[in-house]
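Input: a single structure, listed below in structure tokens.
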Amino acid sequence: MKRIVPIGPYHPLQEEPEFFKLIVEGEKVVDLEINIGYNHRGHEFVAQKMTWDQVTFLVERICGICSDSHPYAYVLAVEDAAHVTAPPRAQYIRTIIGELERIHSHYLWVGLAGHFIGYNTVWMWVWRYREPLLDIFELIMGNRNHYAINKVGGARRDILPEHYSKIEKYLDLLEEKNTMFTKAVLDDPVIRARLEGVGILSKEDAVAYGVLGPTARGSGYATDVRKDDPYDAYDKVDWNEIVFDEGDVLAKAKVRLLECSESIKIVRQCLRNMPDGPIETRVDEIPPGEGIGRHEAPRGEVFHYVRSDGSNMPVRHKIRAPSFMNIPSNVVAVRGYSIADAALVLAAVDPCYCCTERTVVLRNGKRELTGKDMLRLSWRKTERLRRRYRR
Amino acid sequence: MKKEYSKEILDEIGAKFPQASVKIHAPRRTYIRVPRDDVYGFAKFLFEEKECRLSIATGIDKRDGMEIIYHFSHDPSGTYYSIKTLVPKDDLKIKSLADFLPAANWIEREIHELLGIDFVGHPNLIPLLTAETWPGDLHPLRRDYADEHKDLKVEKSTEER
Amino acid sequence: MANAKLWGLKKSPWVFHVAAASCNNCDIEILDILTPRWDVERFGIVLVGSPRHADALLVTGVLNRKSLPRVLRVYEQTPKPCLVICVGTCTCDTHMFAPSYNVVGPYDKYLPVDVYIPGCPPKPEAIISGVVKALKRL
């Protein structure tokens, strides 16, 4: 008999409200329906009523976790339309902030994934080492999130020489802790048992759904804008693209953790090679035309398309966040797994998975299993595994 | 280093789709204008034969019609192929790509609700983002949309779908 | 009896976190105050998973047409007396989303709000201070 398990739209832990309808047979998930729009604020509409410079701040507020990625892609799009390039120092600054943000976002995911499988220690520890990173953001840009470092034609703020040593010091700490986390998370038999072979997204499905970022790279589909279409300082530094073929949650976790150490490598090289000079090219007007900007955000490629008619406002501004492509792939990734695993699988693409008491009473004949229960189911499974491994 | 753009794809496009006009905006940004009826075949060619990935589609309300741009990304060369087509305003219809390309499912729903273009053959053309109470004939990204939301009543309760 | 309820509320407020159409940033900062650097749980402030257990609602993000009915329903389910604490500039006014077709306005049009914490996003210290101010008002 088919039953429906609703998840969302409100939940205490994750970020956005979203509504998942898990259709289950017994313990097994047979289908998934996704209903979004609780977070729709009409950015594309508002962007058409703002000037080019104001839109940078608007797109920053699309997402608080990738609050560097959207302005980054936007300024690249406008620069593409206006045929200007940022001066080298600005390119390095933007790259550094982009990579630091990747570390902070991946840590956030590792922490929340730890919470989903009942490892709150992972959550607390990882977030503890995320905190100094936010201090560095505050030091450079004056705000812990929403940094506003990007500007059409350059960077808004400079990284001062006295900041270098502080960033280096933090990177030293982070490098040590990152190795520790990678080992702790990947060598733990219980975590391995929970993540391995769960939520497999095959390469064919990954291509068909057009998934991006760590979700794609965990499925053996190597797509990374930083390698494919290098922008700013990414072709001037040496780093590796992390790709795993398994497609399960463990592969995605591995991609994210190992990517952090690559990011540390990139930031170090950027700091070492940073050229002197101005941090901004003056852009007086945006000529009529169109431009495409792509940036590899922590979750995948962010895509911005702008069209100008020569006035001071965009005529059309299309925004595509990576989760827009990643979330529909849940439909195939979650099929065939148990409800206890569903919490994890839905979280694996780093979307905004919601798990709380539903605020809506369900009609007769359908079992009510709330997000909190799902979390409890997930925790219980970990507990069982833990006991088994202790023996 | 990466290739600038694959010349072969452009040559093949010229041979296969003589009606397409290609404009190279920047080394890795190519815009191709095709007639409305060729879009389906063109997208299928890019996706299945050239292994491009659908990045997103953009709908724009222009004076002479609605423009739809399908952005395809060719990852090995890092090139964007954007297929542009113009849909006349008195016949807002285009063939949906969702039957062979699941990635097009959500974005076509979004364009349908924000611009009011019908995607023929789409499996599930229901609103994606706007609220249940949003009137279906109001398309906020159209040019003639004049802040009509200010007159709309705010619904304070709805049943979950 | 009302006093006993208030006493309990002040002693250890349980908060439920409602994100309307937020950008996640305030939400992340709210989660941040649970983690080791701030660790508000030592003061008895606990984030709970259901509005039915909550004494205070931390609301973030601007209200849109789809989330408004859900937020109102969460408010109805919360036992009274309860505090409504608006976190972030989006909740205090509509921030830069005012022209949008899907945004229906600030919270105080629909809910009785006790404390406004402006900032985009407010710092964790500001959020803690806001919660403390709300408790002091009782």
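Which value in nm describes the separation of the simple spin-label points at residue B:147 and residue C:93, placed 7 Å from the Cα toward the beta carbon?
1.5
Quick one: length gained pulling residue A:383 to residue A:175 fully straight, 0.36 nm per residue minus the C-alpha distance? Write down the numbers at each step before the final one.
On the way: separation 208, 0.36 × 208 = 74.88 nm, distance 3.06 nm.
The residue A:383-residue A:175 span can extend by a further 71.8 nm.
Between B:44, B:93, B:16, which gets the highest mean-square fluctuation from a Gaussian network model of chain B, Cα cutoff 10 Å?
B:16
Summing +1 for each Lys or Arg and -1 for each Asp or Glu, what net charge is found among the other residues whose Cβ lies under 13 Å from the Cβ of residue A:47? Before the final figure, lay out the partial values.
Values: positive: A:41, A:49, A:61, A:307, A:316, A:318; negative: A:44, A:53, A:60.
In short, +3.
Round to the nearest 0.05 the FRET efficiency obtained for residue A:281 and residue B:133 when R0 = 41 Å and r is the Cβ-Cβ distance.
Rounded to the nearest 0.05, the efficiency is 0.30.
So for chain C, averaging the separation of alpha carbon pairs under 8 Å that are six or more residues apart and normalising by length, what relative contact order in percent results?
Reported as a whole number, the value is 26 percent.
Could you work out how far helix A:88-116 tilts from the main Cα principal axis of chain A, as a 0 to 90 degree angle to the nearest 10?
10
Between A:100, A:139, A:346, find the one with the highest GNM mean-square fluctuation for chain A; connect C-alpha pairs within less than 10 Å.
Of A:100, A:139, A:346, the Gaussian network model singles out A:139 as fluctuating most.
For peptide A:59-65, compute the average count of partner chain beta-carbon atoms within 10 Å of each residue's beta-carbon. Don't jump to the answer; show the numbers that get you there.
Details: counts 0, 4, 12, 2, 4, 13, 5.
Counting other chains' Cβ atoms within 10 Å and averaging over A:59-65 gives 6.
Quick check on my link table: of A:28/A:254; A:21/C:66; A:252/B:93; A:203/B:62, which ones sit more than 28 Å apart, alpha carbon to alpha carbon?
On the way: A:28/A:254 26 Å; A:21/C:66 17 Å; A:252/B:93 40 Å; A:203/B:62 38 Å.
From the list (A:28/A:254; A:21/C:66; A:252/B:93; A:203/B:62), the Cα-Cα distance tops 28 Å for A:252/B:93; A:203/B:62.
Hey, rough spin-label estimate for residue B:64 and residue A:203, points 7 angstrom out along Cα→Cβ, what's it come to in nanometres?
So the label points at residue B:64 and residue A:203 sit 4.4 nm apart.
Calculate one ³J(HN,Hα) per residue across region C:4-11 by plugging θ = phi - 60° into the Karplus curve 6.51 cos²θ - 1.76 cosθ + 1.60, and present them in order as whole Hz with x for glycine and proline.
4, 4, 4, 4, x, 5, 6, 5
What angle, in degrees between 0 and 90 and rounded to the nearest 10, separates the Cα long axis of helix A:120-141 from the longest principal axis of the Cα atoms of chain A?
Once rounded, one gets 10 degrees.
Excluding same-chain residues fewer than 8 positions from residue C:136, which aspartates and glutamates have a Cα within less than 17 Å of its Cα?
Once the sequence-local aspartates and glutamates are set aside, what remains near residue C:136 is C:55, C:114, C:125.
Count neighbours as other Cβ atoms within 10 Å of each site's Cβ, and list the trypsin sites (Lys or Arg not before Pro) in region A:223-263 that are DSSP loop with at most 14 such neighbours.
Numbers: sites: A:226, A:227, A:236, A:252, A:254, A:256; in loops: none.
Within region A:223-263, no trypsin sites (Lys or Arg not before Pro) qualify (loop, at most 14 other Cβ atoms within 10 Å).
Jot down the radius of gyration and Dmax of chain A, Cα atoms only, both in angstrom.
21.4, 71
Gaussian network model of chain C, Cα springs within a sub-10 Å range: biggest mean-square fluctuation belongs to which of C:105, C:61, C:44?
Ranking C:105, C:61, C:44 by mean-square fluctuation puts C:44 first.
Please compute the average number of Cβ atoms from other chains found within 10 Å of each residue's Cβ in peptide C:26-39. Numbers along the way, then the final one.
Values: counts 3, 8, 12, 4, 2, 10, 7, 0, 4, 9, 6, 7, 1, 1.
Counting other chains' Cβ atoms within 10 Å and averaging over C:26-39 gives 5.
Spin-label point model (7 Å from Cα, Cβ direction): what's the residue A:54 to residue B:15 distance in nm?
5.2
Tally Lys and Arg at +1 and Asp and Glu at -1 over the other residues with C-beta under 11 Å from the C-beta of residue C:137: what net charge comes out?
+2
Can you tell me the 0 to 90 degree angle between the C-alpha axis of helix B:104-115 and the longest principal axis of chain B, rounded to 10?
Long axis of B:104-115 versus the principal axis of chain B: about 50 degrees.
If I stretch the segment between residue C:137 and residue C:125 completely, what's the gain in nm (0.36 nm per residue apart, minus their alpha carbon distance), one decimal?
In short, 2.5 nm is gained.
Could you tally the net charge around residue C:125, taking each other residue with its Cβ under 14 Å from the Cβ of residue C:125, Lys/Arg +1 and Asp/Glu -1?
Net charge in that neighbourhood comes out at -2.
Using Cα pairs closer than 8 Å and at least 6 residues apart in sequence, work out the relative contact order for chain A, in percent. Can you show the working numbers first?
Numbers: 782 pairs, mean separation 109.7, N = 391.
Once normalised by length, the contact order is 28 percent.
To the nearest whole number, what is the average tally of beta carbon atoms from other chains within 10 Å of the beta carbons of peptide A:27-40? Display every interim value, and only then the final one.
On the way: counts 0, 0, 0, 0, 0, 0, 1, 2, 5, 4, 15, 14, 13, 14.
Average per residue, whole number: 5.
Laboratory data are not the source of any read-out in this text; all were calculated from the coordinates shown. Keep in mind it's a predicted model, so treat the numbers as computed, not measured. A quick note on method: Cβ atoms are made from the backbone with ideal geometry, for glycine too, and the neighbour counts reach across all protein chains shown.
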